[in-house]
Amino acid sequence: MSRRRPQQLLRRTATICAVMTLFACGPRGQAEESKTTSGVDRFGKRVEIPNPSREDRRAALAPTYAKPADHKSECLGRLMFDTSEKMIVEWAVSSATSKNGSFDGLFQHFDDGAGKGRIQIETSQLNTVFAVYGPVTPKLREEFLNYREEMNSAALSGLSRALELQKETEDMYKRRPELLGPGIKEHVADERARLEKELEDIKSGQHRKAIDLRRLNSAAFRADLKAAKPYFRGAIVLGKHIVAFQSMLRGFENYIEPTEDQWNIAESALRELVGKLQPRELYEIPKDRGFCLPYAFLRDDGTYGNKISTSFRFGDSPAVIYTLSVAAIPGGGASETTILNATGRSATGLLSHLPENTTVKQRLGPRPAKIGALTSEQGGIVVEAKRPGQPPREGYHVYTGYAGWAGSQILPTIEVVMESAARASYPKLTKDAPPYEQARPRLDALLKSIRLRPTTPPMPELVGIQ
(Lines give C-alpha, C1' and ligand atoms only; values in the text may rest on other atoms or scores of the structure.)
Protein backbone atom coordinates (compact mmCIF):
# COMPACT_ATOMS: atom_id res chain seq x y z
CA MET A 1 0.00 0.00 0.00
CA SER A 2 1.36 3.43 -0.93
CA ARG A 3 2.08 6.16 1.63
CA ARG A 4 -0.83 8.09 0.20
CA ARG A 5 -3.41 5.38 0.91
CA PRO A 6 -3.21 5.52 4.75
CA GLN A 7 -3.53 9.31 4.53
CA GLN A 8 -6.67 8.90 2.48
CA LEU A 9 -8.18 6.56 5.05
CA LEU A 10 -7.35 8.93 7.90
CA ARG A 11 -8.96 11.84 6.11
CA ARG A 12 -12.03 9.75 5.32
CA THR A 13 -12.33 8.79 8.97
CA ALA A 14 -12.09 12.44 10.01
CA THR A 15 -14.84 13.33 7.59
CA ILE A 16 -17.13 10.65 9.07
CA CYS A 17 -16.73 12.14 12.54
CA ALA A 18 -17.15 15.71 11.34
CA VAL A 19 -20.46 15.31 9.54
CA MET A 20 -21.97 12.50 11.68
CA THR A 21 -23.76 10.80 8.80
CA LEU A 22 -24.95 7.27 8.13
CA PHE A 23 -22.22 6.47 5.67
CA ALA A 24 -18.43 6.78 5.48
CA CYS A 25 -16.47 8.44 2.72
CA GLY A 26 -13.85 11.12 2.24
CA PRO A 27 -11.59 13.19 0.08
CA ARG A 28 -8.48 12.33 -1.82
CA GLY A 29 -5.09 13.03 -0.35
CA GLN A 30 -3.56 16.29 -1.51
CA ALA A 31 -2.88 19.48 0.44
CA GLU A 32 -5.72 21.56 -1.04
CA GLU A 33 -8.21 18.76 -0.40
CA SER A 34 -8.21 19.52 3.33
CA LYS A 35 -10.05 22.78 2.58
CA THR A 36 -13.69 22.76 3.59
CA THR A 37 -16.84 24.56 2.61
CA SER A 38 -20.08 25.16 4.46
CA GLY A 39 -23.04 22.99 3.53
CA VAL A 40 -26.41 21.77 4.80
CA ASP A 41 -26.66 18.12 5.83
CA ARG A 42 -29.62 15.78 5.32
CA PHE A 43 -31.09 16.94 8.64
CA GLY A 44 -31.01 20.64 7.71
CA LYS A 45 -27.99 21.49 9.89
CA ARG A 46 -25.04 23.58 8.71
CA VAL A 47 -21.87 21.49 8.51
CA GLU A 48 -18.36 21.80 7.18
CA ILE A 49 -17.69 19.44 4.27
CA PRO A 50 -14.61 18.80 2.11
CA ASN A 51 -14.25 21.03 -0.94
CA PRO A 52 -12.95 19.22 -4.07
CA SER A 53 -10.44 21.09 -6.23
CA ARG A 54 -11.20 22.04 -9.83
CA GLU A 55 -9.12 19.08 -10.99
CA ASP A 56 -11.09 16.71 -8.77
CA ARG A 57 -14.36 18.02 -10.16
CA ARG A 58 -13.22 17.82 -13.76
CA ALA A 59 -12.20 14.19 -13.17
CA ALA A 60 -15.89 13.34 -12.70
CA LEU A 61 -16.35 13.88 -16.45
CA ALA A 62 -13.43 11.55 -17.37
CA PRO A 63 -12.13 14.24 -19.77
CA THR A 64 -9.56 12.01 -21.48
CA TYR A 65 -12.04 9.23 -22.25
CA ALA A 66 -13.21 8.83 -25.85
CA LYS A 67 -16.23 6.66 -26.61
CA PRO A 68 -15.42 3.99 -29.22
CA ALA A 69 -17.15 4.51 -32.56
CA ASP A 70 -19.10 1.25 -32.32
CA HIS A 71 -20.45 1.95 -28.80
CA LYS A 72 -23.62 3.57 -27.47
CA SER A 73 -24.34 5.18 -24.10
CA GLU A 74 -26.81 4.42 -21.34
CA CYS A 75 -27.25 6.19 -17.99
CA LEU A 76 -28.16 5.64 -14.35
CA GLY A 77 -28.41 8.31 -11.66
CA ARG A 78 -26.20 11.21 -12.69
CA LEU A 79 -23.74 8.85 -14.43
CA MET A 80 -23.47 7.39 -17.90
CA PHE A 81 -21.57 4.43 -19.36
CA ASP A 82 -20.94 2.87 -22.76
CA THR A 83 -21.55 -0.55 -24.26
CA SER A 84 -20.91 -2.12 -27.63
CA GLU A 85 -23.75 -1.74 -30.13
CA LYS A 86 -23.72 -5.55 -30.37
CA MET A 87 -24.65 -5.91 -26.67
CA ILE A 88 -28.23 -5.09 -25.66
CA VAL A 89 -28.56 -3.72 -22.12
CA GLU A 90 -31.31 -5.32 -20.03
CA TRP A 91 -32.30 -3.50 -16.84
CA ALA A 92 -33.51 -5.36 -13.76
CA VAL A 93 -37.17 -4.45 -14.24
CA SER A 94 -39.89 -6.88 -13.17
CA SER A 95 -43.02 -7.38 -15.26
CA ALA A 96 -45.07 -8.34 -12.17
CA THR A 97 -45.66 -7.06 -8.66
CA SER A 98 -44.75 -8.87 -5.47
CA LYS A 99 -46.95 -11.79 -4.44
CA ASN A 100 -47.50 -9.96 -1.14
CA GLY A 101 -49.01 -6.86 -2.76
CA SER A 102 -48.35 -4.13 -5.29
CA PHE A 103 -46.40 -1.88 -2.94
CA ASP A 104 -44.70 -4.59 -0.91
CA GLY A 105 -40.93 -4.24 -1.30
CA LEU A 106 -40.37 -1.67 -4.04
CA PHE A 107 -37.08 -2.86 -5.55
CA GLN A 108 -35.56 -3.79 -8.88
CA HIS A 109 -34.99 -7.36 -10.10
CA PHE A 110 -35.25 -9.44 -13.26
CA ASP A 111 -38.23 -11.70 -13.83
CA ASP A 112 -36.00 -14.74 -13.27
CA GLY A 113 -35.25 -13.49 -9.75
CA ALA A 114 -31.66 -12.43 -10.37
CA GLY A 115 -30.44 -8.88 -9.88
CA LYS A 116 -31.29 -6.28 -7.27
CA GLY A 117 -31.60 -2.57 -6.74
CA ARG A 118 -33.26 0.20 -4.77
CA ILE A 119 -33.91 3.78 -5.89
CA GLN A 120 -34.17 6.39 -3.15
CA ILE A 121 -34.45 10.17 -3.63
CA GLU A 122 -34.38 12.76 -0.82
CA THR A 123 -35.88 16.24 -1.00
CA SER A 124 -36.33 18.68 1.87
CA GLN A 125 -39.81 17.34 2.66
CA LEU A 126 -39.91 13.78 1.32
CA ASN A 127 -37.82 10.62 1.31
CA THR A 128 -39.09 8.62 -1.66
CA VAL A 129 -38.40 5.09 -2.87
CA PHE A 130 -39.16 4.45 -6.56
CA ALA A 131 -39.42 1.17 -8.47
CA VAL A 132 -39.88 0.60 -12.19
CA TYR A 133 -42.11 -2.19 -13.56
CA GLY A 134 -43.06 -3.22 -17.06
CA PRO A 135 -43.71 -3.39 -19.88
CA VAL A 136 -47.20 -2.17 -18.98
CA THR A 137 -50.05 -4.68 -19.21
CA PRO A 138 -53.73 -4.13 -18.29
CA LYS A 139 -53.19 -6.33 -15.20
CA LEU A 140 -50.10 -4.42 -14.04
CA ARG A 141 -51.80 -1.08 -14.63
CA GLU A 142 -54.85 -2.15 -12.63
CA GLU A 143 -52.79 -3.50 -9.74
CA PHE A 144 -51.20 -0.11 -9.16
CA LEU A 145 -53.73 2.48 -10.30
CA ASN A 146 -56.76 0.70 -8.77
CA TYR A 147 -54.95 -0.46 -5.63
CA ARG A 148 -56.61 2.07 -3.31
CA GLU A 149 -60.14 1.30 -4.51
CA GLU A 150 -59.63 -2.44 -4.19
CA MET A 151 -58.12 -2.18 -0.71
CA ASN A 152 -60.85 0.17 0.49
CA SER A 153 -63.53 -2.11 -0.96
CA ALA A 154 -62.02 -5.07 0.91
CA ALA A 155 -61.81 -3.02 4.11
CA LEU A 156 -65.43 -1.88 3.70
CA SER A 157 -66.57 -5.47 3.35
CA GLY A 158 -64.54 -6.53 6.40
CA LEU A 159 -65.84 -3.68 8.55
CA SER A 160 -69.45 -4.39 7.57
CA ARG A 161 -68.99 -7.99 8.67
CA ALA A 162 -67.29 -6.84 11.90
CA LEU A 163 -70.27 -4.60 12.70
CA GLU A 164 -72.61 -7.52 12.18
CA LEU A 165 -70.60 -9.55 14.67
CA GLN A 166 -70.54 -6.55 17.01
CA LYS A 167 -74.34 -6.38 16.93
CA GLU A 168 -74.53 -10.10 17.74
CA THR A 169 -72.26 -9.50 20.75
CA GLU A 170 -74.36 -6.57 21.95
CA ASP A 171 -77.59 -8.60 21.56
CA MET A 172 -76.06 -11.40 23.58
CA TYR A 173 -75.22 -9.02 26.44
CA LYS A 174 -78.76 -7.63 26.32
CA ARG A 175 -80.14 -11.15 26.72
CA ARG A 176 -77.68 -12.02 29.46
CA PRO A 177 -76.70 -8.86 31.34
CA GLU A 178 -75.19 -10.96 34.10
CA LEU A 179 -72.20 -11.52 31.79
CA LEU A 180 -71.31 -7.83 31.86
CA GLY A 181 -68.26 -7.63 34.08
CA PRO A 182 -66.35 -4.46 35.07
CA GLY A 183 -65.54 -2.34 32.01
CA ILE A 184 -67.11 -4.70 29.44
CA LYS A 185 -70.00 -2.39 28.63
CA GLU A 186 -67.61 0.51 28.00
CA HIS A 187 -65.32 -1.71 25.90
CA VAL A 188 -68.24 -2.86 23.74
CA ALA A 189 -69.32 0.75 23.20
CA ASP A 190 -65.78 1.85 22.31
CA GLU A 191 -65.40 -0.99 19.81
CA ARG A 192 -68.67 -0.05 18.08
CA ALA A 193 -67.58 3.60 17.89
CA ARG A 194 -64.22 2.61 16.40
CA LEU A 195 -65.77 0.38 13.75
CA GLU A 196 -68.37 2.99 12.83
CA LYS A 197 -65.67 5.68 12.57
CA GLU A 198 -63.51 3.54 10.25
CA LEU A 199 -66.55 2.67 8.14
CA GLU A 200 -67.51 6.35 7.84
CA ASP A 201 -63.92 7.31 6.94
CA ILE A 202 -63.96 4.84 4.04
CA LYS A 203 -67.38 5.95 2.80
CA SER A 204 -66.40 9.63 2.98
CA GLY A 205 -63.04 9.07 1.20
CA GLN A 206 -60.88 9.90 4.24
CA HIS A 207 -59.38 6.41 4.59
CA ARG A 208 -56.32 6.17 2.33
CA LYS A 209 -57.31 9.64 1.15
CA ALA A 210 -56.75 10.03 -2.59
CA ILE A 211 -54.29 12.63 -3.92
CA ASP A 212 -54.65 14.28 -7.31
CA LEU A 213 -51.14 14.26 -8.83
CA ARG A 214 -52.41 16.26 -11.83
CA ARG A 215 -50.81 13.76 -14.18
CA LEU A 216 -52.58 11.45 -16.58
CA ASN A 217 -52.50 7.72 -15.78
CA SER A 218 -51.47 8.23 -12.16
CA ALA A 219 -52.82 7.53 -8.69
CA ALA A 220 -51.67 8.33 -5.15
CA PHE A 221 -53.03 8.22 -1.62
CA ARG A 222 -52.13 8.66 2.00
CA ALA A 223 -50.93 5.28 3.17
CA ASP A 224 -52.45 3.49 6.13
CA LEU A 225 -49.37 1.53 7.16
CA LYS A 226 -49.80 1.61 10.95
CA ALA A 227 -46.14 2.62 10.83
CA ALA A 228 -44.05 5.08 12.80
CA LYS A 229 -43.83 7.59 9.96
CA PRO A 230 -46.55 8.99 7.66
CA TYR A 231 -46.35 7.88 4.01
CA PHE A 232 -47.77 8.38 0.56
CA ARG A 233 -48.07 5.59 -1.99
CA GLY A 234 -48.77 5.82 -5.67
CA ALA A 235 -47.77 5.08 -9.26
CA ILE A 236 -47.65 6.70 -12.68
CA VAL A 237 -47.56 5.22 -16.16
CA LEU A 238 -44.59 6.55 -18.14
CA GLY A 239 -44.54 5.32 -21.71
CA LYS A 240 -44.23 1.54 -21.70
CA HIS A 241 -43.46 1.28 -17.97
CA ILE A 242 -44.93 2.09 -14.57
CA VAL A 243 -43.02 3.91 -11.84
CA ALA A 244 -44.38 3.09 -8.38
CA PHE A 245 -43.34 5.00 -5.26
CA GLN A 246 -43.59 5.13 -1.50
CA SER A 247 -42.85 8.55 -0.05
CA MET A 248 -42.18 9.22 3.63
CA LEU A 249 -42.88 12.65 5.11
CA ARG A 250 -39.72 13.99 6.73
CA GLY A 251 -39.44 15.93 9.98
CA PHE A 252 -42.03 14.03 12.04
CA GLU A 253 -41.49 12.26 15.33
CA ASN A 254 -42.50 8.61 15.46
CA TYR A 255 -46.25 7.98 15.60
CA ILE A 256 -47.13 11.67 15.29
CA GLU A 257 -49.97 12.16 12.80
CA PRO A 258 -49.54 15.23 10.55
CA THR A 259 -52.19 17.92 10.71
CA GLU A 260 -54.35 18.45 7.64
CA ASP A 261 -52.30 21.53 6.73
CA GLN A 262 -49.07 19.49 7.00
CA TRP A 263 -50.55 16.75 4.82
CA ASN A 264 -51.54 19.36 2.22
CA ILE A 265 -48.05 20.90 2.16
CA ALA A 266 -46.52 17.43 1.72
CA GLU A 267 -49.01 16.63 -1.06
CA SER A 268 -47.86 19.73 -2.94
CA ALA A 269 -44.25 18.54 -2.56
CA LEU A 270 -45.25 15.11 -3.89
CA ARG A 271 -47.02 16.63 -6.91
CA GLU A 272 -43.90 18.68 -7.63
CA LEU A 273 -41.66 15.61 -7.39
CA VAL A 274 -43.83 13.31 -9.51
CA GLY A 275 -44.33 16.18 -11.97
CA LYS A 276 -40.61 15.94 -12.77
CA LEU A 277 -40.82 12.31 -13.90
CA GLN A 278 -40.80 11.59 -17.62
CA PRO A 279 -40.41 8.47 -19.77
CA ARG A 280 -36.96 7.66 -21.16
CA GLU A 281 -36.09 5.26 -23.93
CA LEU A 282 -33.17 2.85 -23.60
CA TYR A 283 -29.97 4.68 -24.63
CA GLU A 284 -31.70 8.07 -24.43
CA ILE A 285 -29.32 10.45 -22.63
CA PRO A 286 -31.16 13.52 -21.28
CA LYS A 287 -29.47 16.91 -21.21
CA ASP A 288 -31.29 18.24 -18.13
CA ARG A 289 -30.04 17.97 -14.58
CA GLY A 290 -31.56 14.96 -12.90
CA PHE A 291 -31.47 11.20 -12.47
CA CYS A 292 -31.65 8.49 -15.09
CA LEU A 293 -33.74 5.53 -13.94
CA PRO A 294 -34.48 2.41 -15.97
CA TYR A 295 -36.80 3.70 -18.74
CA ALA A 296 -37.50 6.92 -16.80
CA PHE A 297 -35.92 10.25 -15.92
CA LEU A 298 -36.41 12.47 -12.85
CA ARG A 299 -35.43 16.12 -13.28
CA ASP A 300 -34.00 18.09 -10.36
CA ASP A 301 -31.88 21.18 -9.71
CA GLY A 302 -28.73 19.18 -9.08
CA THR A 303 -29.08 19.00 -5.29
CA TYR A 304 -31.46 16.15 -4.39
CA GLY A 305 -30.01 13.51 -2.10
CA ASN A 306 -29.94 10.08 -3.68
CA LYS A 307 -29.05 6.43 -3.24
CA ILE A 308 -29.61 4.61 -6.51
CA SER A 309 -28.68 0.99 -7.10
CA THR A 310 -29.84 -1.13 -10.03
CA SER A 311 -28.66 -4.29 -11.80
CA PHE A 312 -28.35 -4.78 -15.52
CA ARG A 313 -26.95 -7.40 -17.88
CA PHE A 314 -26.24 -7.95 -21.55
CA GLY A 315 -28.64 -9.96 -23.65
CA ASP A 316 -26.06 -12.52 -24.80
CA SER A 317 -24.89 -13.31 -21.23
CA PRO A 318 -27.87 -13.23 -18.83
CA ALA A 319 -26.05 -15.01 -16.00
CA VAL A 320 -23.49 -12.20 -15.59
CA ILE A 321 -25.09 -9.49 -13.47
CA TYR A 322 -23.70 -5.97 -13.10
CA THR A 323 -24.95 -3.77 -10.26
CA LEU A 324 -24.17 -0.05 -10.42
CA SER A 325 -24.73 1.91 -7.22
CA VAL A 326 -24.34 5.64 -6.58
CA ALA A 327 -25.00 7.64 -3.42
CA ALA A 328 -24.83 11.36 -2.63
CA ILE A 329 -26.32 12.62 0.62
CA PRO A 330 -26.30 16.44 1.00
CA GLY A 331 -23.82 17.59 3.60
CA GLY A 332 -22.88 14.05 4.49
CA GLY A 333 -21.14 10.88 3.41
CA ALA A 334 -22.33 8.34 0.91
CA SER A 335 -21.02 4.83 1.42
CA GLU A 336 -19.20 2.22 3.36
CA THR A 337 -15.43 2.58 3.12
CA THR A 338 -14.49 1.14 -0.24
CA ILE A 339 -11.05 -0.16 0.77
CA LEU A 340 -12.71 -2.30 3.44
CA ASN A 341 -15.24 -3.59 0.92
CA ALA A 342 -12.52 -4.45 -1.56
CA THR A 343 -10.46 -6.22 1.10
CA GLY A 344 -13.40 -8.18 2.49
CA ARG A 345 -14.60 -9.37 -0.89
CA SER A 346 -11.13 -10.50 -1.81
CA ALA A 347 -11.18 -12.74 1.23
CA THR A 348 -14.40 -14.65 0.66
CA GLY A 349 -16.51 -12.60 -1.72
CA LEU A 350 -19.97 -12.65 -0.15
CA LEU A 351 -19.56 -16.20 1.11
CA SER A 352 -18.76 -16.74 4.78
CA HIS A 353 -18.61 -20.48 4.10
CA LEU A 354 -18.00 -21.95 0.68
CA PRO A 355 -20.52 -24.57 -0.46
CA GLU A 356 -19.53 -28.21 -0.56
CA ASN A 357 -17.29 -29.19 -3.50
CA THR A 358 -16.39 -25.52 -4.06
CA THR A 359 -12.84 -24.21 -3.86
CA VAL A 360 -11.21 -20.79 -4.24
CA LYS A 361 -9.58 -20.53 -7.64
CA GLN A 362 -8.38 -16.91 -7.51
CA ARG A 363 -8.45 -13.97 -5.12
CA LEU A 364 -8.71 -10.59 -6.81
CA GLY A 365 -6.95 -7.83 -4.90
CA PRO A 366 -7.49 -5.77 -2.93
CA ARG A 367 -5.88 -3.56 -5.55
CA PRO A 368 -6.18 -0.06 -7.01
CA ALA A 369 -8.50 0.37 -9.97
CA LYS A 370 -10.19 3.11 -11.96
CA ILE A 371 -13.84 4.04 -12.41
CA GLY A 372 -13.55 6.44 -15.31
CA ALA A 373 -10.82 8.83 -14.19
CA LEU A 374 -11.48 8.23 -10.49
CA THR A 375 -9.02 6.23 -8.39
CA SER A 376 -10.89 3.35 -6.80
CA GLU A 377 -10.45 0.08 -4.93
CA GLN A 378 -11.14 -3.40 -6.27
CA GLY A 379 -11.47 -6.83 -4.75
CA GLY A 380 -13.20 -10.09 -5.43
CA ILE A 381 -13.01 -13.83 -5.67
CA VAL A 382 -13.28 -16.58 -8.28
CA VAL A 383 -14.43 -20.01 -7.12
CA GLU A 384 -14.78 -23.36 -8.85
CA ALA A 385 -17.61 -25.79 -8.19
CA LYS A 386 -17.27 -29.45 -9.07
CA ARG A 387 -20.41 -31.13 -10.44
CA PRO A 388 -20.82 -34.90 -10.76
CA GLY A 389 -20.66 -35.95 -14.40
CA GLN A 390 -20.18 -32.37 -15.61
CA PRO A 391 -17.22 -30.02 -16.12
CA PRO A 392 -16.39 -27.73 -13.16
CA ARG A 393 -18.21 -24.40 -13.18
CA GLU A 394 -16.71 -21.05 -12.21
CA GLY A 395 -18.44 -18.46 -10.07
CA TYR A 396 -17.17 -14.96 -9.34
CA HIS A 397 -17.91 -11.73 -7.53
CA VAL A 398 -15.87 -8.60 -8.32
CA TYR A 399 -16.33 -5.32 -6.44
CA THR A 400 -14.97 -1.93 -7.54
CA GLY A 401 -15.65 1.15 -5.42
CA TYR A 402 -14.91 4.87 -5.42
CA ALA A 403 -15.43 6.40 -1.95
CA GLY A 404 -16.59 9.79 -3.19
CA TRP A 405 -16.59 13.21 -1.54
CA ALA A 406 -18.84 14.07 1.38
CA GLY A 407 -21.73 16.19 0.18
CA SER A 408 -20.77 16.12 -3.51
CA GLN A 409 -23.34 15.38 -6.20
CA ILE A 410 -20.80 15.06 -9.03
CA LEU A 411 -18.32 12.96 -7.04
CA PRO A 412 -20.65 10.56 -5.21
CA THR A 413 -19.82 7.13 -3.96
CA ILE A 414 -19.75 4.80 -6.97
CA GLU A 415 -19.80 1.03 -6.57
CA VAL A 416 -19.80 -1.53 -9.37
CA VAL A 417 -20.27 -5.25 -8.77
CA MET A 418 -19.98 -7.93 -11.43
CA GLU A 419 -21.13 -11.36 -10.30
CA SER A 420 -22.14 -14.65 -11.84
CA ALA A 421 -25.59 -16.09 -11.19
CA ALA A 422 -25.88 -19.85 -10.76
CA ARG A 423 -28.65 -21.70 -12.60
CA ALA A 424 -29.15 -23.81 -9.50
CA SER A 425 -30.27 -20.64 -7.68
CA TYR A 426 -32.14 -19.14 -10.65
CA PRO A 427 -33.72 -22.03 -12.61
CA LYS A 428 -35.18 -19.68 -15.22
CA LEU A 429 -31.71 -18.79 -16.49
CA THR A 430 -31.04 -20.45 -19.83
CA LYS A 431 -27.24 -20.62 -19.70
CA ASP A 432 -24.31 -20.54 -17.28
CA ALA A 433 -22.07 -17.53 -16.89
CA PRO A 434 -18.88 -17.63 -18.97
CA PRO A 435 -15.54 -18.11 -17.16
CA TYR A 436 -14.14 -15.08 -15.35
CA GLU A 437 -11.37 -14.49 -17.90
CA GLN A 438 -14.00 -14.11 -20.62
CA ALA A 439 -16.19 -11.81 -18.53
CA ARG A 440 -13.36 -9.61 -17.29
CA PRO A 441 -12.82 -7.51 -20.47
CA ARG A 442 -16.45 -6.35 -20.42
CA LEU A 443 -16.09 -5.25 -16.81
CA ASP A 444 -12.89 -3.38 -17.60
CA ALA A 445 -14.53 -1.58 -20.53
CA LEU A 446 -17.57 -0.72 -18.42
CA LEU A 447 -15.47 0.74 -15.59
CA LYS A 448 -13.39 2.77 -18.00
CA SER A 449 -16.48 4.37 -19.55
CA ILE A 450 -18.30 5.47 -16.36
CA ARG A 451 -18.44 9.25 -16.00
CA LEU A 452 -20.71 12.11 -15.01
CA ARG A 453 -23.47 12.81 -17.52
CA PRO A 454 -23.01 16.37 -18.93
CA THR A 455 -26.01 18.64 -18.43
CA THR A 456 -27.31 22.01 -19.60
CA PRO A 457 -26.96 24.02 -17.45
CA PRO A 458 -23.96 22.31 -15.83
CA MET A 459 -24.27 20.77 -12.40
CA PRO A 460 -23.88 23.45 -9.68
CA GLU A 461 -20.42 22.16 -8.70
CA LEU A 462 -19.21 22.53 -12.30
CA VAL A 463 -20.49 26.05 -12.93
CA GLY A 464 -17.56 28.31 -13.85
CA ILE A 465 -14.87 25.61 -14.06
CA GLN A 466 -15.54 23.93 -17.43
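The values are calculated or read from the model by the stated rules, or taken from the named source; none is laboratory data. Note that the structure is predicted; figures quoted are calculated from it, not measured. Cβ sites come from the backbone with ideal geometry, for glycine too, and all protein chains shown count toward neighbours.
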Tell me yes or no: at least one residue of the range 183-191 is touching a residue at least 24 places away in the same chain (Cβ under 8 Å) and within 22 Å of residue 245 (Cα to Cα). no
Out of 52, 27, sole residue that is part of a loop (DSSP other than H, G, I, E, B), modelled with pLDDT under 95 and under 19 Å from residue 463 (Cα atoms): 52
Taking only pairs six or more apart or across chains, which ones have beta-carbon atoms under 8 Å, a first residue in the range 141-168 that is under 21 Å from residue 219 (Cβ atoms), and a second residue that is in a helix (DSSP H, G or I) and not charged (D, E, K, R)? 152/202; 155/202; 156/199; 156/202
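If a residue must be assigned to a strand (DSSP E or B) and of a type in the set (Lys, Arg), how many such residues does the range 230-270 contain? Outline the logic, then answer.
Going residue by residue through the range 230-270, those that are assigned to a strand (DSSP E or B) are 231-238, 241-249.
So of that shortlist, the ones also of a type in the set (Lys, Arg) come out as 233.
So the count comes out to 1.
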Sole miss for residue 338 among (1) among the β-branched types (Val, Ile, Thr); (2) buried (at least 23 other Cβ atoms within 10 Å of the Cβ); (3) at pLDDT 95 or above is condition (3)
Return the residue satisfying two criteria in turn: it lies in the range 65-104 and is hydrophobic (A, V, I, L, M, F, W, C) and more than 20 Å from the chain's Cα centre (by Cα), and of such residues it is farthest from residue 415 (Cα to Cα). 69
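Tell me the helices (runs of 4 or more DSSP H) entirely within the range 104-212 that contain at least 1 residues that are β-branched (Val, Ile, Thr), modelled with pLDDT under 85 and surrounded by 11 or more Cβ atoms within 10 Å (Cβ to Cβ).
Once the helices (runs of 4 or more DSSP H) in the range 104-212 are filtered for at least 1 residues that are β-branched (Val, Ile, Thr), modelled with pLDDT under 85 and surrounded by 11 or more Cβ atoms within 10 Å (Cβ to Cβ), what remains is 184-203.
For the range 392-421, which positions are among the small types (Gly, Ala, Ser), assigned to a loop (DSSP other than H, G, I, E, B) and under 27 Å from residue 56 (Cα atoms)?
Step one: filter the range 392-421 for residues among the small types (Gly, Ala, Ser), giving 395, 401, 403-404, 406-408, 420-421.
Of the ones still in play, those that are also assigned to a loop (DSSP other than H, G, I, E, B) are 403-404, 406-408, 421.
Across the range 392-421, the qualifying residues are 403, 404, 406, 407, 408.
For the range 298-323, give me the residue count where each residue is within 16 Å of the chain's Cα centre (by Cα) and either among the basic types (Lys, Arg) or farther than 23 Å from residue 418 by Cβ (or both). Break it down into steps so the answer makes sense when it comes.
First pass over the range 298-323, keeping only residues within 16 Å of the chain's Cα centre (by Cα): 298, 304-312, 322-323.
Now restrict to residues that are either among the basic types (Lys, Arg) or farther than 23 Å from residue 418 by Cβ (or both): 298, 304-305, 307.
Residues flagged as within 16 Å of the chain's Cα centre (by Cα) and either among the basic types (Lys, Arg) or farther than 23 Å from residue 418 by Cβ (or both) within the range 298-323 amount to 4.
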The condition of being among the hydrophobic types (A, V, I, L, M, F, W, C), assigned to a helix (DSSP H, G or I) and more than 26 Å from residue 297 (Cβ to Cβ) holds, among 439, 424, only for 439
Residue within the range 370-378 that is modelled with pLDDT under 95, part of a loop (DSSP other than H, G, I, E, B) and out of contact with any His (no Cβ under 7 Å at 6 or more places or on another chain) present: no
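Quick check on the range 75-96: of everything there that is in a strand (DSSP E or B) and touching a His at 6+ places or on another chain (Cβ under 9 Å), which residue is farthest from residue 314 (Cα to Cα)? Explain how you work it out, then say what you get.
First pass over the range 75-96, keeping only residues in a strand (DSSP E or B): 75-77, 79-84, 89-91, 94.
Next, only the ones that are touching a His at 6+ places or on another chain (Cβ under 9 Å) stay: 82-84, 94.
Numbers: 82: 12, 83: 9, 84: 10, 94: 16 Å.
Across the range 75-96, the extreme among qualifying residues is 94.
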Exactly one condition in (1) touching a Pro at 6+ places or on another chain (Cβ under 9 Å); (2) hydroxyl-bearing (Ser, Thr, Tyr); (3) at pLDDT below 95 is false for residue 358; which is it? (1)
So is residue 217 under 19 Å from residue 141 (Cα atoms), of a type in the set (S, T, N, Q) and over 21 Å from the mean Cα position of the chain (by Cα) or not? yes
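For the range 277-300, what are the residues that are of a type in the set (A, V, I, L, M) and not in a strand (DSSP E or B)?
Pass one, the range 277-300, residues of a type in the set (A, V, I, L, M): 277, 282, 285, 293, 296, 298.
The answer is 282, 285.
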Keeping to the range 387-404, report how many residues are within 28 Å of residue 372 (Cβ to Cβ) and without any contact (Cβ under 8 Å) to a residue 40 or more places away in the chain. 1
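So, in the range 428-458, exactly how many residues are over 17 Å from residue 313 (Cβ atoms) and either surrounded by fewer than 16 Cβ atoms within 10 Å (Cβ to Cβ) or in contact (Cβ under 8 Å) with a residue 40 or more places away in the chain (or both)? Quick ask: steps written out before the conclusion?
Filtering the range 428-458 down to residues over 17 Å from residue 313 (Cβ atoms) leaves 437, 448, 451-458.
With either surrounded by fewer than 16 Cβ atoms within 10 Å (Cβ to Cβ) or in contact (Cβ under 8 Å) with a residue 40 or more places away in the chain (or both) added as a condition, the list becomes 437, 448, 451-457.
Residues that pass the stated criteria total 9.
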